[in-house]
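Some notes on the structure that comes next.
The values are calculated or read from the model by the stated rules, or taken from the named source; none is laboratory data. None of the values given here were measured: they were computed from a predicted structure. Cβ: placed from backbone, ideal geometry, glycine included. Neighbour counts: every protein chain shown.
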Amino acid sequence: MAFARGAISDNLLLGRTKVPDSTAHEQNPPRGEESTVAPVKSAEQLPEPWLRGSLADVPVLTRAVLHALALADEDIGEWCSGLSDEELNARPAGVAPVAFHLRHIVRSADRLLTYADGSQLSPAQVSALKTELAPDAIKQKLFDEFRVGIGSAVARVRGFSSARFDEPRKVGKLQLPTTLGGLLIHVADHTQRHVGQAITTAKIIVAASRK
């Protein structure tokens, strides 16, 4: 089955499901000699989530963060779901592998939202941070963690009232100052930063396989 843009994220944004369907991003057919770096395309191309007119009743800051998470879900599925285990762990020119970015996107969102809750990180969260670069990613497990993590982040972001956005928050061991709204904004921009890096790395890996 080809990746269908919008099939997962629109349901998430509308609260129709708590987490994405674990079968939604199916593995692409094996890459042959004529493979290209083009993404997996759906028959009907949709605009990006923020251009679909969705979540009009949601406060603008919350809406922007939710749309960023939805776009991350779609873009990772579109550009990275066809990679093999070996390709997900590959480090061309020594850069971080695609697997790192998928882990880091959802684990960092979990950490940021923990600070947004007014809490500090648990030992389990700190331990998970230290394994993000592990070179042993297995595709199914990696994408399951990614999908569940995006779904969890969406649900948590939706739970914050806009009336609380100016509330102070403390981040990390140094207790650096920010606000609830600042943390939510950083969830969006940090997520998109690593989505871009994952896609660029995926393109390099696929291009190299064609030589």
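Results, tabulated for the structure shown:
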| item | result |
| --- | --- |
| Odd one out for K173, checked against (1) assigned to a helix (DSSP H, G or I); (2) under 24 Å from H101 (Cα atoms) | (1) |
| Some residue of segment 76-90 being within 25 Å of A155 (Cβ to Cβ), within 9 Å of the chain's Cα centre (by Cα) and not aliphatic (A, V, I, L, M) | no |
| Flag if G149 is in contact (Cβ under 8 Å) with a residue 40 or more places away in the chain and under 20 Å from D75 (Cβ atoms) | yes |
| Selected residue (only one of A99, A128, A137 is at pLDDT 95 or above and assigned to a loop (DSSP other than H, G, I, E, B)) | A137 |
| Residues (of a type outside the set (A, V, I, L, M) and either free of Cβ contacts under 8 Å to residues at least 24 places away in the same chain or crowded, with 17+ Cβ neighbours inside 10 Å (or both)) located in segment 153-166 | R156, G159, F160, S161, R164, F165, D166 |
| Candidate set: segment 98-145, residues that are surrounded by 14 or more Cβ atoms within 10 Å (Cβ to Cβ) and of a type in the set (V, I, T); chosen: the one farthest from A155 (Cα to Cα) | V98 |
| Sole residue being out of contact with any Gly (no Cβ under 7 Å at 6 or more places or on another chain), closer than 12 Å to I105 by Cα and among the polar types (S, T, N, Q), chosen from Q175, Q140, Q192 | Q192 |
| Candidate set from segment 76-86 (those that are within 13 Å of F143 (Cα to Cα) and among the acidic types (D, E)); member that is surrounded by the fewest Cβ atoms within 10 Å (Cβ to Cβ) | D85 |
| Selection count, segment 77-92, where residues are assigned to a helix (DSSP H, G or I) and either touching a Leu at 6+ places or on another chain (Cβ under 9 Å) or touching a residue at least 60 places away in the same chain (Cβ under 8 Å) (or both) | 8 |
| Filter result (crowded, with 19+ Cβ neighbours inside 10 Å and at positive phi) within segment 46-57 | L55 |
| Count of residues meeting criterion [farther than 15 Å from S161 by Cβ and either among the β-branched types (V, I, T) or not in a helix (DSSP H, G or I) (or both)] in segment 57-73 | 0 |
| Lone qualifier among V65, V60, V95 - being touching a helix residue (DSSP H, G or I) at 6+ places or on another chain (Cβ under 9 Å), surrounded by fewer than 19 Cβ atoms within 10 Å (Cβ to Cβ) and closer than 26 Å to R169 by Cβ | V60 |
